[in-house]
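Okay, so here's the structure we're looking at.
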Amino acid sequence: MSVLTMTATTKTFGGLTAVSELDLRIEQGEIHGLIGPNGAGKSTTIGLLSGFLRPTSGSITFDQRDLTRLDPSAIARLGISRTFQQATPLVGLSVFENVIVGMHTRFHASLGAVALRLPSATREARALTVSVETILARFDLGMLAETDAKNLTFGQLRFLEIARALAMDPQIILLDEPAAGLNEPERQRLAGVVRELRDRGMGVLLVDHDVPLVFGLCDRMTVMNFGSVIASGKPEDVRADAAVVEAYLGGEPAKGAAR
Amino acid sequence: MTEALRRRVERLTLAAIVVVVVLAPLGGSRLLLYSLTITAIYAIVTIALNVVLGLAGQVSFAQTTFMAIGGYGSALLTTRAHLNPWLALVVAALVALVVALGVGPPLLRLRGHYLAMATFALALGTDSFVGAATPLTNGSMGISGIPPLAIGSLSFADPLAFYVLSWVACAITLGFFATLATSYVGRAWRAIATGQDIAATLGIRLLQYKVLAFAIGAIMASIAGSLYAEFTSFVGPDLYDISIVVNIFLMLFIGGRGSYAGPLIGAALLTFAPEVLSGFEKAQNLIFFILLLVLLLLWPGGLLGRSQDAGSMADMLPLWLQRRLPSR
């Protein structure tokens with residue numbers, strides 16, 4: 001079983017320490033929640049895990065494999081997928097194409113086989129097209145397959161973003177505020193999807209401001225404030241932690257609720 | 001224009017092009033055949049740019065560099081090394097490939113404007129180099145007397161035979177483009193063009209795919225350069241000066257980036273415009289550029305391009321008038 005681990009990782013921008021001595025462990029088959037007030041370093045953490053940022057010190061490994069020198073594309077090819085907070089589609093590509101492009105690493109036909117339309121290449125493309133249709137149906141986007149992704153509603157874009165990240169069949173998926181801006185039914189669907197991913201054996205890092213959602217879903221969680229971990233463990237233990245209540249749950253309830 | 005309508009218009013345009021190309025030799029003049037042959041050759045270069053810019057989104061001005069490698073490669077290898085013209089064409093294309101694989105990786109690490117600037121320098125350098133390297137290229141005099149392509153007893157010195165050859169080459173290039181564009185390779189390019197960071201998170205090797213597009217474009221442009229040299233049996237620095245680079249960009253932008261028929265329409269418009277407008281004599285260029293400006297303002301995505309996000313004048317004009325005219 002694969003494990004994504006961050007050990008004593010620090011990231012500074014100039015004089016500012018965004019993440020300090022962070023330890024984090026995401027296992028396949030579990031949902032790991034990451035919460036904290038704005039500016040706590042959650043997005044920086046996802047940036048570090050997905051290779052968009054390089055740590056100033058510390059180590060990030062995936063099954064003993066050092067990730068700190070790899071670029072985002074190499075990390076993705078190891079089976080670690082991520083979504084973005086902004087839920088940006090690939091504009092000019094249809095909904096179908098947005099998802100099938102997520103299957104890039106599952107295409108193995110050579111350039112020659114593609115150019116000459118060899119049966120092997122055609123068969124591969126057809127098989128993966130079927131998988132795209134399954135994914136689109138799961139997210140209720142089947143009817144919109146041929147639509148340009150820019151025409152989707154905000155909620156649909158959020159699900160398209162997840163569908164695209166899932167298409168590569170990752171071992172670990174990092175979700176950056178997937179619930180932001182969703183209405184109640186969409187939020188319920190998101191919860192269902194995240195549980196399903198875990199049950200299929202994926203490891204999920206769930207970063208969100210939606211405190212009830214994160215507490216309700218995750219198996220273990222980490223709470224950050226000012227770049228450091230202030231509590232981690234099972235949700236029920238974290239909820240009782242005095243530091244968490246002060247820094248986040250009690251201290252800034254309005255912020256959590258407003259999101 | 002909706003995407004479905006755009007596709008239908010594009011299919012009709014392709015059908016119309018086939019009809020014109022097939023019928024032209026029956027009734028057309030020598031001049032028409034000549035212009036259509038030039039159109040086919042420039043369409044190949046425009047398709048090359050369409051791979052690099054239209055699909056992969058990389059603004060590269062290196063087209064004439066690779067055309068020059070094809071043109072001068074064919075000229076030198078046939079007149080000095082006395083190679084078979086077909087073999088010369090293939091060797092030149094391989095040289096273009098090697099050059100593309102050599103300069104591609106450092107250039108394509110640059111993004112946006114920096115890539116444009118660097119390749120623009122390459123285009124400027126090409127023009128000056130072939131003009132100045134007199135011992136090799138015969139300077140501004142160029143190289144003439146390039147022997148024609150032939151298959152057995154069929155010589156492509158015959159204008160009609162070359163006409164057929166050029167359009168067959170163009171059709172093959174377009175077929176290759178269409179196959180790539182609809183494959184996972186084409187989708188990876190388009191993902192890089194619209195969202196480089198997203199493409200990376202999907203495991204797409206950014207530099208490798210950009211270099212691939214650049215190399216394929218280089219081979220296409222080199223073949224077109226060789227064909228042009230074979231057609232006119234002459235190469236000279238004027239064929240690769242900076243105005244040609246601009247023309248190739250105009251062909252693609254007017255025709256429609258990313259589309260199939262666009263490069264052919266663009267190449268035809270720019271090849272035929274001087275003839276059509278020749279009646280205006282000195283005002284010819286002015287009228288031509290005013291028409292271009294209007295075309296690009298009305299259809300920023302090109303005649304056959306996908307509708308762009310940037311509002312076109314055609315969309316914005318009614319709104320603009322609404323805001324400025326007194327309300328009734």
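The values are calculated or read from the model by the stated rules, or taken from the named source; none is laboratory data. Everything quoted here is computed from the prediction, not taken from an experiment. Cβ sites come from the backbone with ideal geometry, for glycine too, and all protein chains shown count toward neighbours.
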### Message
Where the second residue is in a loop (DSSP other than H, G, I, E, B) and the first is at positive phi and lies in segment B:81-95, which pairs have Cβ atoms under 9 Å and are six or more apart or on separate chains?
### Response
B:82/B:147
### Task
Give segment A:122-154 a look and list any residue that's within 12 Å of chain B (Cβ to nearest Cβ) and over 30 Å from the mean Cα position of the chain (by Cα), or say none.
A:122
### Query
Taking segment B:236-269 as the region of interest, how many residues are closer than 22 Å to residue B:18 by Cβ and not small (Gly, Ala, Ser)?
8
### Task
Within segment B:30-46, identify whether any single residue is of a type in the set (Phe, Trp, Tyr), surrounded by fewer than 24 Cβ atoms within 10 Å (Cβ to Cβ) and more than 27 Å from residue A:145 (Cα to Cα), and answer yes or no.
yes
#### Entry: Single residue of segment B:173-196 satisfying the filter (within 24 Å of residue A:77 (Cβ to Cβ) and of a type in the set (Ser, Thr, Tyr)) that is farthest from the other protein chains (Cβ to nearest Cβ)
B:182
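Please determine, by comparing only the residues of segment A:112-121 that are free of Cβ contacts under 8 Å to residues at least 12 places away in the same chain and small (Gly, Ala, Ser), which one is nearest to the other protein chains (Cβ to nearest Cβ). Show your work before the answer.
At the first step, the residues of segment A:112-121 found to be free of Cβ contacts under 8 Å to residues at least 12 places away in the same chain are A:112-120.
From what's left, small (Gly, Ala, Ser): A:112-113, A:115, A:120.
Values: A:112: 11, A:113: 10, A:115: 6, A:120: 13 Å.
The qualifying residue nearest to the other protein chains (Cβ to nearest Cβ) is A:115.
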### Test: residue A:36 is over 26 Å from residue A:179 (Cβ atoms) and either modelled with pLDDT of 95 or more or not β-branched (Val, Ile, Thr) (or both)
no
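Output the residues belonging to segment A:155-165 that are hydrophobic (A, V, I, L, M, F, W, C) and more than 11 Å from chain B (Cβ to nearest Cβ).
Here is the first cut: in segment A:155-165, the residues hydrophobic (A, V, I, L, M, F, W, C) are A:157, A:159-160, A:162-163, A:165.
If the condition is that a residue be hydrophobic (A, V, I, L, M, F, W, C) and more than 11 Å from chain B (Cβ to nearest Cβ), then A:157, A:159, A:160, A:162, A:163 are the ones that fit.
If you check residue B:199 against the conditions, is it more than 12 Å from every other protein chain (Cβ to nearest Cβ) and in a helix (DSSP H, G or I)?
On the way: more than 12 Å from every other protein chain (Cβ to nearest Cβ): no; in a helix (DSSP H, G or I): yes.
Spelling it out, it is not the case that residue B:199 is more than 12 Å from every other protein chain (Cβ to nearest Cβ) and in a helix (DSSP H, G or I).
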### segment A:61-74, subset under 20 Å from residue B:207 (Cα atoms) and in contact with a strand residue (DSSP E or B) (Cβ under 8 Å, 6 or more places away or on another chain), residue farthest from the other protein chains (Cβ to nearest Cβ)
A:68
### Message
What are the pairs with Cβ atoms under 6 angstrom where one residue, in segment B:23-52, is β-branched (Val, Ile, Thr) and the other, located anywhere, is outside any helix (DSSP H, G or I)? Sequence gap at least six, or different chains.
### Response
B:52/B:58; B:52/B:60
### Message
Pull out all pairs, ordered by first then second residue, where Cβ-Cβ is under 8 Å, the residues are six or more apart or on different chains, the first lies in segment B:179-197 and is under 18 Å from residue B:59 (Cα atoms), and the second is buried (at least 23 other Cβ atoms within 10 Å of the Cβ) and of a type in the set (Lys, Arg).
### Response
B:192/B:210
### Query
Scanning for something part of a helix (DSSP H, G or I), within 12 Å of chain B (Cβ to nearest Cβ), in contact with a helix residue (DSSP H, G or I) (Cβ under 7 Å, 6 or more places away or on another chain) and under 24 Å from residue A:78 (Cβ atoms), does segment A:166-189 turn up at least one residue?
yes
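Scan segment A:124-143 and give yes if some residue there is part of a helix (DSSP H, G or I), closer than 20 Å to residue A:11 by Cα and touching a Leu at 6+ places or on another chain (Cβ under 8 Å), otherwise no.
Among the residues of segment A:124-143, not one is part of a helix (DSSP H, G or I), closer than 20 Å to residue A:11 by Cα and touching a Leu at 6+ places or on another chain (Cβ under 8 Å), which makes the answer no.
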### Task
From B:149, B:165, grab the single residue that is more than 12 Å from chain A (Cβ to nearest Cβ), in contact (Cβ under 8 Å) with a residue 40 or more places away in the chain, crowded, with 22+ Cβ neighbours inside 10 Å and in contact with a helix residue (DSSP H, G or I) (Cβ under 8 Å, 6 or more places away or on another chain).
B:149
### Message
Residues that are in contact with a helix residue (DSSP H, G or I) (Cβ under 7 Å, 6 or more places away or on another chain), under 19 Å from residue B:222 (Cα atoms), part of a helix (DSSP H, G or I) and at pLDDT 90 or above: does segment B:23-37 have at least one?
### Response
yes
## Note on the structure
Pairs returned, first residue in segment A:95-111 that is more than 10 Å from chain B (Cβ to nearest Cβ), second residue that is among the charged types (D, E, K, R) and part of a helix (DSSP H, G or I), beta-carbon separation under 6 angstrom, 6 or more apart or interchain, are A:99/A:164
### Task
Taking the residues in segment A:71-100 that are assigned to a loop (DSSP other than H, G, I, E, B) and of a type in the set (Val, Ile, Thr) as candidates, determine which candidate is surrounded by the most Cβ atoms within 10 Å (Cβ to Cβ).
A:83
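Could you list all residues from segment A:216-235 that are of a type outside the set (Gly, Ala, Ser) and either within 19 Å of residue A:204 (Cβ to Cβ) or crowded, with 22+ Cβ neighbours inside 10 Å (or both)? Explain how you work it out, then say what you get.
Here is the first cut: in segment A:216-235, the residues of a type outside the set (Gly, Ala, Ser) are A:217-226, A:229-230, A:234-235.
Of everything in segment A:216-235, those that are of a type outside the set (Gly, Ala, Ser) and either within 19 Å of residue A:204 (Cβ to Cβ) or crowded, with 22+ Cβ neighbours inside 10 Å (or both) turn out to be A:217, A:218, A:219, A:220, A:221, A:222, A:223, A:224, A:229, A:234, A:235.
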### Task
Mind listing whichever residues of segment A:75-91 are more than 21 Å from residue A:169 (Cβ to Cβ), within 7 Å of another protein chain (Cβ to nearest Cβ) and not aliphatic (A, V, I, L, M)?
A:88
